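Below you will find the structure I want to go over with you.
All of the numbers you see were taken from the coordinates with simple rules; none came from a lab. The model shown is predicted, which means the values in this text are computed figures rather than measured ones. Virtual Cβ from ideal backbone geometry, glycine too; neighbours counted across all protein chains shown.
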Amino acid sequence: MLSRGQTWGLVALTLMWGVNWPVMKLSLQELTPLYFRAVTMTGGALWLLAFYHWRGVRLQPVGREWRSIVTLGLPNLLGWHTLAIFGVAALASGRAAILGFTMPVWTVLLGALFFGERLTRRSTFAALAVAAAVALLLNDELAAMAGRPVGVLVMLGAAISWAIGTLMMRRATLTLPVEALTVWMMLLAAAVLWLLALAFEPWPDWTFTPRMWGLLAYGVFMNYGFAQIIWFSLARHLPPATSAMSVMMVPLIGTASATVIAGEWPRWTDGVAVVCVMTAIAAVLVPPAAWRGLLKR
C-alpha cells in the first residue's frame, strides 16, 4: 500500500511525463529537434549529477561499469530520445505519445522472439490491440492531405529502441547505482546529440521568447530532473499493478493536455488508439492476481 506522499509523487510523475509531450511539440517551434534534446538532456544530467552528489550516491564508474553505461545508454537514452523527438516533430504530440507507449508490448514480444520468454494469451491479445492502434493511426496519416506516415514509423522505432534497452537492463549485472547509471547515460547521449546537432542542424540564435525559456526549464528540471528523482524514489516500492496504471495514463494525459497546451484537437482515431494501447499495457503489465482482486470487489 502506498503512503499519501508516494501516491502524490506517483500522480505528479504521471502528469509530468504526460504533459511533456505537448511541451516538446511547442518547443520545436523555436528550436530544432537535436538542439532541443541536447540542451534539455545536458541540463537535466547536470542537475541530477549535483543532486545525487549532494545525496552521497556513488557517481564515479570504475572498470567494466563504463561498458554498461555505453551499451545500455545507446538504446535507452540515445535511441529512444532521438527518435521520439523526431516523431513529435512529425506528428501531433498526443499521437506520438500513444505510439511511444506501445513500448511495454514490444518488450514482451521481443523477449519472446529473442530470449525465449513465454508468450501468453494476454501478451498475444496485447499485440493485437497495439497492431489495431498502429493500423488505425497509420491509415489516418495516409488518408490525411498533410499526413506524416513516416512519423508513425519513427515513433514505433523509438518505442522498439526503448523496449530493447529495457530487455538489456533486465539482463545486465549492474554494480553502479541506477541513479549514477542514468546520469552517465544521459551525459553520454547528450554529448552525441551535440555532435549530431552541430553536424546536421543550423546553429540557433538563442534569442528565444520567455515562453520558450520556460519550456526549456520544464524539460531540464521537470522531465529530466524531478521526474527522474521521483521515479527512483518510488521504483523500489511500486507494486507492478500500480506502476502499470501510471504507464497506462501517460498517453491519455499526453493526448488530453495537448488540446490545452498545443491546441491539438484529437481525432476519433486517437481516442480509439489510446484505448487500445492502454488495454494492451494493462494486459502485459498488470499481474493476473491484481485483476482477480479487482474482479472480487
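Based on the Cβ-Cβ distance from ARG58 to VAL260, what FRET efficiency comes out when R0 is 30 Å, to the nearest 0.05? Intermediate results must be reported in sequence, preceding the final value.
Details: r = 42 Å, r/R0 = 1.39.
Efficiency at R0 = 30 Å is approximately 0.10.
Figure the gain on full extension for ARG170 and TRP268 (residue separation times 0.36 nm, minus the Cα-Cα span) and round it to one decimal in nm. Mind showing how you got there, number by number?
On the way: separation 98, 0.36 × 98 = 35.28 nm, distance 3.67 nm.
Net length gain for the segment: 31.6 nm.
Which parts of segment 78-103 would a label at LEU28 reach, counting a residue when its backbone N lies under 12 Å from a point 7 Å out along Cα-to-Cβ?
82-97
So what is the relative contact order of segment 51-197, in percent, for Cα pairs below 8 Å that sit 6 or more residues apart?
Values: 147 pairs, mean separation 68.6, N = 147.
Value for segment 51-197: 47 percent.
Roughly how large, in nm² to one decimal, is the mean projection of the convex hull of the alpha-carbon atoms in the chain? List each step's numbers first, then the result.
On the way: hull surface 67.3 nm².
Taking a quarter of the hull surface, the average projection is 16.8 nm².
Sort the following peptides by mean Cβ neighbour count (other Cβ atoms within 10 Å, averaged over residues), highest first: 263-272, 148-157, 200-209.
Working: 263-272: 15.1, 148-157: 19.9, 200-209: 10.4.
Averaged packing, sorted descending, gives the order 148-157, 263-272, 200-209.
From Cα pairs below 8 angstrom and at least 6 apart in sequence, can you work out the relative contact order of the chain, rounded to a whole percent?
Working: 396 pairs, mean separation 120.2, N = 297.
Relative contact order for the chain comes out at 40 percent.
Could you tell me how far the Cα centroid of segment 147-216 sits from the Cα centroid of segment 49-124, in Å?
10
Quickly work out the MET212-to-ALA135 label distance, labels modelled 7 Å from Cα along the C-beta direction, and quote it in nm with one decimal.
4.3
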